[in-house]
Each structure stands twice: as structure tokens, then as C-alpha cells.
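What follows is a short report on a single structure.
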Amino acid sequence: MRCFAVPRLLVPFLALALGLTGCASAGAGGGDSGPRRTANRIILEELEPVQQLDAYDAIRRLRPQWLNSRGGSSPQVLVDGTRQPGGLESLRSIRSSEIQEMRYMSSSDATTRFGTGFDGGAILVTTRRR
């Protein structure tokens, strides 16, 4: 009785096909789809098209959910590590062209890092002039 023998070229071909499929689904392609968006961070490349806006309007356009009150409290604003009086309104005095990046921290993360008083979370602004 003779068993069916797999042609010698079929095995390497299947291995190559599986390898290429894995690389293609990894998402690390060479295509330039623009800046990579994350829910809790706005980077310099995303701010370039909105340089004429202030930080508040840039956030309103790019990540409006950051401006929502949570539990009745608005996020606190820290610019280059310094807590700003005036809350979200302090973002109106910062031009987007001056910003390196902005991050949103949840209330639990902000409280862990900075202490109490961050019931609405925190918006961390890093300027280019640092």
C-alpha cells in the first residue's frame, strides 16, 4: 500500500504563505496613514492642522470627550507640570502652535500621580518652550 506523498515544494510554500499572512496582519506596513491616534494623547503631528486654534478648541475638535464633566467635575489642567487656575478655561490662553503634546489622565490615574482633587481627571499640556 502506497501513502500519498506531499510534494516537496508544497511544504515550503505553505510556510511562506503563513509567514506573509502573519506579517500582513501585524499592521506594521509601510503605508503612511498619517499620525497615529490614541484616545488619551494628542501629538504634535495632529496639532499641525489646527495651529491657529487655542488648546481648548483643538481638544474640542480632536478629542471632545476630554472636555466632558465626569461625576460633576471637569478635568484639571496642568501645563508643563504646573496646575493652572481656572480649569478648562486656562486652555484658551495657550496657542496650539506652542504645544508639543497633550495627554488626558483618568481621575484614578491623576489622583494616584498627583493626589486628591482630580475627580474629573487631568489634561496634561507639554509646551515646546520647556
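We did not get these values from a lab; they are worked out from the coordinates using the rules stated. These figures come from a predicted structure and were not determined experimentally. Virtual Cβ from ideal backbone geometry, glycine too; neighbours counted across all protein chains shown.
Obtain the nm distance between the two label points defined at D119 and Q51 by a simple spin-label model: each point lies 7 Å from its Cα along the Cα-to-C-beta direction.
In this crude label model, D119 to Q51 measures out at 4.1 nm.
When ranked by the protection proxy of mean other Cβ atoms within 10 Å per residue, highest first, what sequence do the peptides 56-67, 36-47 form? It would help to have the intermediate numbers written out before the result.
Working: 56-67: 16.8, 36-47: 14.8.
Highest to lowest by the protection proxy: 56-67, 36-47.
Of all beta bridges DSSP finds with both residues in segment 55-130, what is the antiparallel percent, to the nearest 5?
70
Once segment 52-130 is represented by equal point scatterers at the alpha-carbon sites, with solvent omitted, what log10 I(q)/I(0) does the Debye formula produce at q = 0.26 Å⁻¹?
For the requested q values the scattering log ratios are -1.34.
5 Å is the cut-off here: which amide hydrogens, built 1.01 Å from N in the peptide plane, fall below it relative to V79, excluding neighbours closer than 5 in sequence?
Sorted by chain and number, the residues that satisfy this are Q84, V125.
At R0 = 35 Å, how high is the FRET efficiency between R70 and Q100 if r is their beta carbon distance? Nearest 0.05 is fine.
Efficiency computed from Cβ-Cβ geometry: 0.85.
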